[in-house]
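Bear in mind these aren't lab numbers, they're just calculated from the coordinates by the rules spelled out. Since we're looking at a predicted model, the values are computed, not measured. Counting neighbours? That spans all protein chains shown, and the Cβs are built from the backbone with ideal geometry, glycine included.
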Amino acid sequence: MTGAQPIGIFDSGIGGLTIAHAINKMLPQEHLIYFGDTAHLPYGEKSSDAIKYYSIKISKFLIEQQCKMVVIACNTASAAAYETLLDFYDGKIIFVNVVDPLVDKVIQNGYERIGLIGTKATVNSQVYKNKIKSKVQKAQVEQLATPLLVPMIEEGYYKGQVSELIIKEYLDRPEFKNIEVMLLACTHYPLIKDYIIQFFDGNVEVMDSMDVTALEVQRILNEQNILNHKRQYANKFYVSDYTEGFDETAQMFYGKHIDLVTNSIW
Ligand code: DGL
């Protein structure tokens, strides 16, 4: 591997652009190749076998693009497929998931009363809960699947009364009354982070995977001595299925306009 090779990033769709954006901000000299599997989203409603199959196929595409690392920029795919990808590619490439950096941060900060919201697949996998409890046995992790939030945000309802109402409906429950931290275990939720902070009146820390994942990418590249020092090519953003609506949503998640290129690997 050399520093000049690109970093591959994938997600079920365009939500993973929040992670790509954080990586680009922290490491602007890196060349990114993003793949959003818009043909199969949402992963949150899929079986773990289906998610594993998609993740293997997308990683193959990114490896063929000479990527030096693959970032699984999706909580659902990180929960379902990370171990499978490690086994399947057997050290051929570095994989980074979005779960471990967040779990490590929560533990470093000493939190023990933890709330979590994510897709059905992420919550049902119990990955966050198991990882946290394997390190801090007495930690309490209260999880809730919040499936309305992804379509709500994608439809542009991430500000205003509709989103406030749905967020309140999900968060206003006894199991979240005593938490110290709320984990946003989904790529889309950083867009509604302010409302969640507001819901808890600033009394609960609200954490997402964006910056901690970017820091982990930086740490590994630095450790392996494969940081890029000058980007030669423009970042590329592929989707497996394209509709005009994705353009607008992509801008919302990445913070600026990007050109989405259709690449049907299926
Ligand atoms: N990217 C997914 C995640 O972070 C959310 C969207 C989906 O369900 O595909 O869990």
Legend entry - Dimensionless Rg over Rh [segment 32-144; C-alpha; Kirkwood]: 0.99
Legend entry - Cα-Cα P(r), segment 142-262, percent of pairs per 10 Å interval: 10, 33, 30, 20, 6, 0
Legend entry - Entries in 46/236; 25/68; 168/256; 57/135; 105/131 that, when Cα-Cα distance is taken, lie over 22 Å: 46/236; 168/256; 57/135
Inset, instruction - With no solvent and one equal point scatterer placed on each C-alpha of segment 31-92, evaluate the Debye formula and give log10 I(q)/I(0) for q = 0.26, 0.28 Å⁻¹, two decimals. - result: -1.24, -1.40
Legend entry - More than 15 angstrom apart: percent of Cα pairs within segment 117-158: 50
Inset, instruction - For segment 225-266, just list the percent of Cα-Cα distances falling in each 10 Å bin from zero outward, please. - result: 24, 41, 27, 8
Legend entry - FRET efficiency estimate (nearest 0.05) - Cβ-Cβ, residue 225 to residue 247, R0 41 angstrom: 0.65
Inset, instruction - Divide by every residue of the chain the summed helix terms, -39500 (n - 2.57) for each DSSP H run of at least 4, and state the resulting mean residue ellipticity at 222 nm, rounded to the nearest 500 deg cm²/dmol. - result: -13000 deg cm²/dmol
Inset, instruction - Between 65, 137, 251, find the one with the highest GNM mean-square fluctuation for the chain; connect C-alpha pairs within less than 10 Å. - result: 137
Inset, instruction - Using a 10 angstrom cutoff on alpha carbons, build the Gaussian network for the chain and name the most mobile of 247, 11, 90. - result: 90
Legend entry - From the C-alpha gyration tensor of segment 118-207, square roots of 5λ in Å: 23, 15, 10
Legend entry - Ranking of 229, 188 by count of other Cβ atoms within 10 Å, fewest first: 229, 188
Inset, instruction - Could you work out which residue, out of 22, 139, 185, moves most in a Gaussian network model of the chain, that is, has the largest mean-square fluctuation with Cα springs under 10 Å? - result: 139
Inset, instruction - May I have the convex hull volume per residue, in Å³, for the Cα set of the chain? - result: 119
